[in-house]
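Here the structure comes first, spelled out in structure tokens, and everything after it is commentary.
The values are calculated or read from the model by the stated rules, or taken from the named source; none is laboratory data. Please read all numbers here as calculations on a predicted model, not as lab measurements. For neighbour counting, all protein chains shown are included, and Cβ atoms are generated from backbone atoms with ideal geometry for every residue, glycine included. To get the accessible areas, we keep the full protein, side chains included, count just its heavy atoms, and leave off ligands, DNA and RNA. Shrake-Rupley method; radii C 1.70, N 1.55, O 1.52, S 1.80 Å.
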Amino acid sequence: MRLLSRTEEIILATVWRLKDEAYGIEISNHINKNTGLNWKFGAIYSPLGRLVDNDYLKTFEGVPTPERGGRRKVYYQLTDKGIQALKELQNVHSAVWINMPSLEVNK
Amino acid sequence: MILRKIKSPPKTASCILKFLINGSVSYGAAGDFYEQYLYILKKHGRFVAFIWYWQQAIQLLPSFIFNSIFWSITMLASYLKIAYRNIKKQIGFSVINILGLAIGIACTILIVQWVRDELSYDRFHKNADELYAATFSNGSKTTPSALAGYIKTEYPEVSNTSRYAGLGRRLIKYKNTKTMESGGVMTDPGFLEMFTVNFLKGDPETALKKPRSIVISKSLAEKYFGSEEAVGKIMNFQVRYDLTVTGVFEDYPANSHLQFSYILPLEISKEWKRNLNTWEYNNIRTYVLLNKNTDPSQVDKKISNVVEKHRPQDKRPLSLQPITRLHLYNFNSSGGRITYVYVFSALAFFILFIACINFINLTTARSSARAKEVGMRKAVGARRSDLIRQFFSESILLTGISLILGICFVVLLLPVFNSITGKNFSVEFLLKTSSLIALSGITVLTGILAGSYPALFLSRFHPVKVLRGAAGTGTKGAPFRKVLVVIQFSLSIFLILGTFIIYNQLNFIINRDMGFDNKNVFYTNISGRFLNNYETIKSEMLQNPGIQSVTLTNIAPYRWNTNAGFGDVHWEGKKDRKVKMVMNSVDYDYLKTFGLKISEGRFFSKQYSADAAEAYVINEAAVRAMGMDAPVGKNLRIWDMKGKIIGVVKDYNFESLHNRIIPMAMKIIPSWYSNVCIKINSGNIPAALSFLENKFKKIYPEYPFEYSFLDDTIRMRYSTEQAIGKLISYFTYLAIFISCLGLFGLASFTAEQRKKEIGIRKVLGAQVSGLVLLLSREFIKWVLLANIVAWPAAWFFMNKWLQEFAYKIDPGISIFILSGITAILIALLTVSYQAVKAAYGNPADTLKYE
């Protein structure tokens, strides 16, 4: 299976972390706060959409609320394929980064 | 809490958001956005929330655009690569396809250009809509010289008038350059203001006021004056007159019924005793400029009997003919050049139509073989829209290549086309935006039509079914294709018939016995000097063994304009009969020189002294028109010349075969002589010519020696028809070629389809010839059907065209049968190649997979 790209990795990981609270706004805020990346709010929907199309994520809907103009909240969850992909990535990642010599260059 | 009023975000922005967000998450996204909006609305107020929302919408735009463009280009590059590979895979097919369409496009471009030029005649004048030519009811534009002045003073609707007369070949001289220029005309000064003649030097308003002026074209100025200033210089005209150049104008455009390279004021013709203000005879053209927004029919009513009022013998009604119609339309009959314009427009449309149909047919046929490809693509993830995009880009690519190739053809063929049509097209017109837009439109349209079968139909296939090979392909659209082929072949057969008939008619005309001997007849203009010494000169000439006969006349054969005929003829027993006649002034040797035959009585002869003053010889047409039983000996008076008829000459075609032979009277009128016709022995023509040249140089030393041969003049008289015949024949070949291409492609497709059937038949023992017949039978049926469609249409149009000729052939049934057989043979040839190839195929190959 092909490796996840960086964006996909970050999003999937965040979704996993957020467990039941993973919906658009929450995912976006979480990423921006914790990683310091300054992703625009709307920009998250493109990669989210692709992940759904490729079956890494599945959606389930919550209760309609007036704050959303009567629409339901759409929560995202990892599919088996998504979990698999993350596991693989983790393995590869640790293999690459474990015991990395320091990245400081001494003149 | 139920909100009484839903605070909704800006509508337009939400639409944009919905559009730009990926489809699978857009529902959730819409809700999320709304939530954020309310949050910010509560926290920071309406204005900030509004700005924020719009910001979000706009921020998504750049990446959306970039992504779509990037991916579109990437996919397009991929499609183009595949298209290119496909073309190479079936290179024969592709070449045929592209070639056919390119030829069609090239023809259309050329023809459209010709048509546009024809329609533009005389439209460049500023006053084009108000300019008219005074025309008699029989179409003649030759009017009395007093007409122009009269109309101008009598009718307030008339803004200006100008007379216009051609000059024959006249001698123009400046310093060492002298030539017999033929582009001269004489007009009233107002001509320069009525018609748009672009002056480069000099003032159009005053240029022709003085009688001894001349205005010349830029080319003439360069020829005589080089780079020197022309205005103010003195040019010598006809030895006797010195004219001052008062203006230089830009070369007059070719798309006008008038053509001239220099203009003299009409006043100057008074110097050679021309009467410029008479009603007695017609010798000049009258052009009329009406006031803006005047209704010409009102003016027509008023001027209709003006000529009759002043000269009662001429009862022809007069009317105004718009100059924009002069080039294209015959005055008193339907038709004229406009028919050719229609014919060629139709031709262009047909050819393009055939080419496009072909292209569509071939592409469609080929693409049904790509069902497997479609299945593969779908299996690896292509969506239907991707496939549609792919097939459309492929076919549009093909048509694009055809368009470029077609334009190349046009550039290559332009010189040939120019020489055939006698026009002067340059490559710039191709770059005119209107043409380019139209052409691109047509090519894109063809591309879309051609690609629509694979795009819309093939893309529906289910991958599994197709890969397994079970999908039924190509049966759809078969009746449509049959219809297209029949249409193509009908058009081609129609064109074949047209070419045959035109060819036959032209041959008939050119080879028909015109009733007089026109081989090796030299003729040229002569004037007083020659006439004064006529007898001596003539006997000197006859001493030369190369010269057979010499005669004088007023107008040589085929130089007549019988529209200037007249009716002032009176004879014994005339009663109320009306007759139109022309007067041919001849001498005693006219009969001998032209080999005419006498059918009754005798010709003029020196033996009878009264012949010179009183004798008339008339032609058979005159006898019939006057209704005489025994014309010889009867009295005849034409105008004020009384005489007796001494003989009747057999009819001969002294003008082109477009016209029936009209009544003619011959009389010896020496003052009218202006042409000498010399029959030369065919033995040594160059020797005779140099002898004549010496003779003429002695009589007219300042004039260059110029002459013509009668048979050349006759041939040139039909040059228009010949050019048109040539053009039509070329286009016919092209149409046939394109149709054959189509048939070829279709035949191969059918052969492909029936591969298995053929294989089975072969196994069961069929012969190659039997198989070929089997496959061809279907096509022959279609071609026969095409014949039946084409014959009536061809018959109808050809008859209409033949009406233009007074002497025409009878097409006869043999031509139709001949074209039918030709078409069938061509079709057979095309189809049989495919059939034979299929028939020789190894059944093992085709039946392998059963």
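When the residues of the stretch B:15-25 are narrowed to those that are part of a helix (DSSP H, G or I) and open to solvent by less than 30 Å² (accessible area, probe 1.4 Å), which ends up nearest to the other protein chains (Cβ to nearest Cβ)?
Among those that are part of a helix (DSSP H, G or I) and open to solvent by less than 30 Å² (accessible area, probe 1.4 Å), it is B:VAL25.
Which ones in the stretch B:690-709 are more than 14 Å from B:SER527 (Cβ to Cβ) and open to solvent by less than 30 Å² (accessible area, probe 1.4 Å)?
Those that are more than 14 Å from B:SER527 (Cβ to Cβ) and open to solvent by less than 30 Å² (accessible area, probe 1.4 Å): B:LEU692, B:LYS695.
Across the stretch B:139-185, what is the total count of residues that are β-branched (Val, Ile, Thr) and open to solvent by less than 20 Å² (accessible area, probe 1.4 Å)? Spell out the reasoning first.
Just the residues of the stretch B:139-185 that are β-branched (Val, Ile, Thr), to begin with: B:142-143, B:151, B:153, B:158, B:161, B:172, B:177, B:179, B:185.
Checking which are open to solvent by less than 20 Å² (accessible area, probe 1.4 Å) leaves us with B:143, B:151, B:158, B:161, B:172, B:185.
Total satisfying the criteria: 6.
So is B:ILE103 among the β-branched types (Val, Ile, Thr), within 14 Å of chain A (Cβ to nearest Cβ) and surrounded by 20 or more Cβ atoms within 10 Å (Cβ to Cβ) or not?
No.
Surrounded by fewer than 22 Cβ atoms within 10 Å (Cβ to Cβ), touching an Asp or Glu at 6+ places or on another chain (Cβ under 8 Å) and part of a strand (DSSP E or B) - does that describe any residue in the stretch B:201-211?
Yes, because at least one residue in the stretch B:201-211 is surrounded by fewer than 22 Cβ atoms within 10 Å (Cβ to Cβ), touching an Asp or Glu at 6+ places or on another chain (Cβ under 8 Å) and part of a strand (DSSP E or B).
Just to check your reading of the model, which residue among B:LYS800, B:LYS837, B:LYS848 is open to solvent by 40 Å² or more (accessible area, probe 1.4 Å), of a type in the set (Lys, Arg) and at pLDDT below 75?
Exactly one of B:LYS800, B:LYS837, B:LYS848 is open to solvent by 40 Å² or more (accessible area, probe 1.4 Å), of a type in the set (Lys, Arg) and at pLDDT below 75, namely B:LYS848.
Could you tell me whether the stretch A:41-55 includes any residue that is open to solvent by 60 Å² or more (accessible area, probe 1.4 Å), closer than 30 Å to B:ALA382 by Cα and more than 8 Å from every other protein chain (Cβ to nearest Cβ)?
Among the residues of the stretch A:41-55, at least one is open to solvent by 60 Å² or more (accessible area, probe 1.4 Å), closer than 30 Å to B:ALA382 by Cα and more than 8 Å from every other protein chain (Cβ to nearest Cβ), which makes the answer yes.
Could you please find all residues in the stretch B:656-673 being modelled with pLDDT of 80 or more, part of a loop (DSSP other than H, G, I, E, B) and over 17 Å from B:ALA610 (Cβ atoms)?
Scanning the stretch B:656-673 gives B:ILE661, B:ILE662, B:PRO663, B:TYR673.
Search the stretch A:1-37 for residues being within 12 Å of chain B (Cβ to nearest Cβ) and out of contact with any Pro (no Cβ under 8 Å at 6 or more places or on another chain), and hand back the single one that is nearest to B:TYR37 (Cα to Cα).
Result: A:ILE25.
Kindly evaluate B:ARG285 against the criterion of being open to solvent by 10 Å² or more (accessible area, probe 1.4 Å), more than 30 Å from the chain's Cα centre (by Cα) and basic (Lys, Arg).
No; evaluated as a whole, the condition is false for this residue.
All but one of (1) modelled with pLDDT of 80 or more; (2) within 23 Å of B:ILE91 (Cα to Cα); (3) in contact with a Ser or Thr (Cβ under 9 Å, 6 or more places away or on another chain) hold for B:ILE360; which doesn't?
Answer for B:ILE360: the failing condition is (1).
Residues that are assigned to a strand (DSSP E or B), within 26 Å of B:PHE709 (Cβ to Cβ) and not aromatic (Phe, Trp, Tyr): does the stretch B:554-573 have at least one?
No, there is no match, as no residue in the stretch B:554-573 is assigned to a strand (DSSP E or B), within 26 Å of B:PHE709 (Cβ to Cβ) and not aromatic (Phe, Trp, Tyr).
Name the residue, out of B:ILE40, B:ILE51, B:ILE58, that is open to solvent by 70 Å² or more (accessible area, probe 1.4 Å), within 19 Å of A:PHE41 (Cβ to Cβ), of a type in the set (Val, Ile, Thr) and within 12 Å of another protein chain (Cβ to nearest Cβ).
Sole residue among the options that is open to solvent by 70 Å² or more (accessible area, probe 1.4 Å), within 19 Å of A:PHE41 (Cβ to Cβ), of a type in the set (Val, Ile, Thr) and within 12 Å of another protein chain (Cβ to nearest Cβ): B:ILE58.
Could you tell me whether any residue of the stretch A:73-80 is under 15 Å from B:ALA29 (Cβ atoms), modelled with pLDDT under 85, within 12 Å of another protein chain (Cβ to nearest Cβ) and under 18 Å from the mean Cα position of the chain (by Cα)?
Scanning the stretch A:73-80 turns up at least one residue that is under 15 Å from B:ALA29 (Cβ atoms), modelled with pLDDT under 85, within 12 Å of another protein chain (Cβ to nearest Cβ) and under 18 Å from the mean Cα position of the chain (by Cα).
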